[in-house]
Amino acid sequence: MLSAVIILSFLIFFHELGHFLMARLVGVKVEVFSIGFGKKLICKNFKGTNWCISAVPLGGYVQMKGQDDSDPLAKSNDPDSYNVKSPWQKILILLGGPGFNFLLAFLIYFFIALSGWQTLAPIVGKTMPNTPAFKVLKPGDKIIQVNGYKIKSWNDIPKIEKKSDILNIMVLRNGKIIDITLKPKIVEAKDIFSEKVKRKIIGIIPSGKIIKVRYSLGEAIPVSFEKFKNDSTLIVKGLEKLVTGSIGLKTISGPIGIVDVTAKVADYGTQPLLLLMALLSVNLGILNLLPIPALDGGHIMFNLYEALFKRELNESVMVKLTIAGWVFLGGLMLLGMYNDITRLVGG
């Protein structure tokens, strides 16, 4: 429970820090920087900004001069006000939060890559019947190279397997190097969303041995970016399938579910907890970019409208859209909490 609160609070802090720094960069005064909503429990004024911890730890916000989500019509024409800045400056401020979430995730992956990524060893545990590897590869074989690429972990193998019609595999068996050539077999399987897909396999299962792989500075950057890209793609695909109805609303989770998962992952050690933190940070960044009024993405849409048509969106329309956005987000949160409780009660 404590680990979940700390992680969520840090993610929110980092998100809001992005908004804060971008606002200060373009000369906007930030009046309040709060972790949490509701009644302010602790506040400290530093250089004109009230830094606060509030009662409800389910988010956070920065309140800039002349900008207030609870009152879309609140404005100020002072030079250090949000309202007097150009649409592009406002968009820069709005992108700061999600951008910092993406930066945090990348930095976590980068740190893990440099310090040592816990992963499966590229050692064959067994081969599956009626597959190219059956009776060719043996339990205990250590795969050290595929198509000229050095193999550091089991996860390197599917990447090459996916884009190759022929695999030239170099294995270490009983102290000897053996070269094996296999042609992957195309099979029908289910992806993470339980949808049928075709994929290439050679029919090997890992031994289950865990190793720690350290990457050099030059290797860590592309490895971290690849991990960030994969997580981002997974989240975007999940949202797409949620919108199209491919996956049901029962998959939506709320704060209770996040706390429960975080508490369970914490039992497995520091690295799994850091990876979950990075995934949540990517998730927070992407969700905030959705074009929903009351989210950063919604405000970005309003400013794009102003930039393109050289006039602000009608105030009445903006108020109605903002209220609708809050209602929609509140409904999603309630649905997520209902799903969380249902899952917990159902075991």
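The values are calculated or read from the model by the stated rules, or taken from the named source; none is laboratory data. This is a predicted model, so every value here is computed, not measured. Every residue, glycine as well, gets a Cβ built from its backbone with ideal geometry; the counts of neighbours run over all protein chains shown.
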Check the stretch 171-188 and report whether any residue there is surrounded by 13 or more Cβ atoms within 10 Å (Cβ to Cβ), in a loop (DSSP other than H, G, I, E, B), touching a Leu at 6+ places or on another chain (Cβ under 7 Å) and not small (Gly, Ala, Ser). yes
Within the stretch 292-305, is there a residue that is at positive phi, touching a helix residue (DSSP H, G or I) at 6+ places or on another chain (Cβ under 6 Å) and crowded, with 19+ Cβ neighbours inside 10 Å? yes
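Only one of these is among the aliphatic types (A, V, I, L, M), assigned to a helix (DSSP H, G or I) and either in contact (Cβ under 8 Å) with a residue 60 or more places away in the chain or surrounded by 13 or more Cβ atoms within 10 Å (Cβ to Cβ) (or both): 313, 287. Name it.
Values: 313 fails: assigned to a helix (DSSP H, G or I).
None of the others qualify; the one that does is 287.
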Being without any contact (Cβ under 8 Å) to a residue 12 or more places away in the chain and surrounded by fewer than 22 Cβ atoms within 10 Å (Cβ to Cβ) narrows it down to one residue among 126, 150, 142, 138; which is it? 150
The residue from 203, 238 that alone is in contact with a strand residue (DSSP E or B) (Cβ under 6 Å, 6 or more places away or on another chain), surrounded by 13 or more Cβ atoms within 10 Å (Cβ to Cβ) and either small (Gly, Ala, Ser) or closer than 19 Å to residue 278 by Cβ (or both) is 203
Condition broken by residue 343, with the remaining ones in (1) basic (Lys, Arg); (2) surrounded by 14 or more Cβ atoms within 10 Å (Cβ to Cβ); (3) not in a helix (DSSP H, G or I) satisfied: (3)
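So, in the stretch 171-195, exactly how many residues are among the hydrophobic types (A, V, I, L, M, F, W, C) and under 30 Å from residue 240 (Cα atoms)? Walk me through how you get there before you give the answer.
Of the stretch 171-195, the ones among the hydrophobic types (A, V, I, L, M, F, W, C) are 171-172, 177-178, 180, 182, 186-187, 189, 192-193.
Retained after the next criterion (residues that are under 30 Å from residue 240 (Cα atoms)): 186-187, 189, 192-193.
Residues that pass the stated criteria total 5.
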I'd like the full set of residues that are free of Cβ contacts under 8 Å to residues at least 60 places away in the same chain and charged (D, E, K, R), limited to the stretch 10-46. 24, 29, 31, 39, 40, 44
In the stretch 1-39, residues that are of a type in the set (A, V, I, L, M, F, W, C) and over 22 Å from residue 80 (Cβ atoms) total 14
Filtering the stretch 115-160 for residues that are assigned to a helix (DSSP H, G or I) and not basic (Lys, Arg) leaves a count of 5
How many of the residues in the stretch 316-341 are of a type in the set (Gly, Ala, Ser) and in contact (Cβ under 8 Å) with a residue 24 or more places away in the chain? 3
The condition from (1) within 26 Å of residue 281 (Cβ to Cβ); (2) crowded, with 18+ Cβ neighbours inside 10 Å that residue 107 misses is numbered (2)
How many residues does the stretch 200-243 hold that are among the acidic types (Asp, Glu) and either closer than 21 Å to residue 123 by Cα or more than 23 Å from the chain's Cα centre (by Cα) (or both)? 0
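Please specify each residue of the stretch 74-97 satisfying the condition of being in a helix (DSSP H, G or I), of a type outside the set (A, V, I, L, M, F, W, C) and within 17 Å of residue 304 (Cα to Cα).
At the first step, the residues of the stretch 74-97 found to be in a helix (DSSP H, G or I) are 82-84, 87-97.
From what's left, of a type outside the set (A, V, I, L, M, F, W, C): 82-83, 87, 89-90, 96-97.
If the condition is that a residue be in a helix (DSSP H, G or I), of a type outside the set (A, V, I, L, M, F, W, C) and within 17 Å of residue 304 (Cα to Cα), then 82, 83, 87, 89, 90, 96 are the ones that fit.
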How many of the residues making up the stretch 251-270 are modelled with pLDDT of 80 or more and either within 9 Å of the chain's Cα centre (by Cα) or exposed (fewer than 15 other Cβ atoms within 10 Å of the Cβ) (or both)? 4
Starting from residues that are β-branched (Val, Ile, Thr) and outside any helix (DSSP H, G or I), keep the ones in the stretch 206-235 and report whichever is surrounded by the most Cβ atoms within 10 Å (Cβ to Cβ). 213
The stretch 14-55, residues that are at pLDDT below 90 and closer than 18 Å to residue 284 by Cα: 35, 36, 37
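Any residue at all in the stretch 26-36 that is assigned to a strand (DSSP E or B) and acidic (Asp, Glu)?
Our first condition is that a residue be assigned to a strand (DSSP E or B); within the stretch 26-36, this holds for 30-36.
Then keep just the ones that are acidic (Asp, Glu); that gives 31.
There is at least one residue in the stretch 26-36 that is assigned to a strand (DSSP E or B) and acidic (Asp, Glu).
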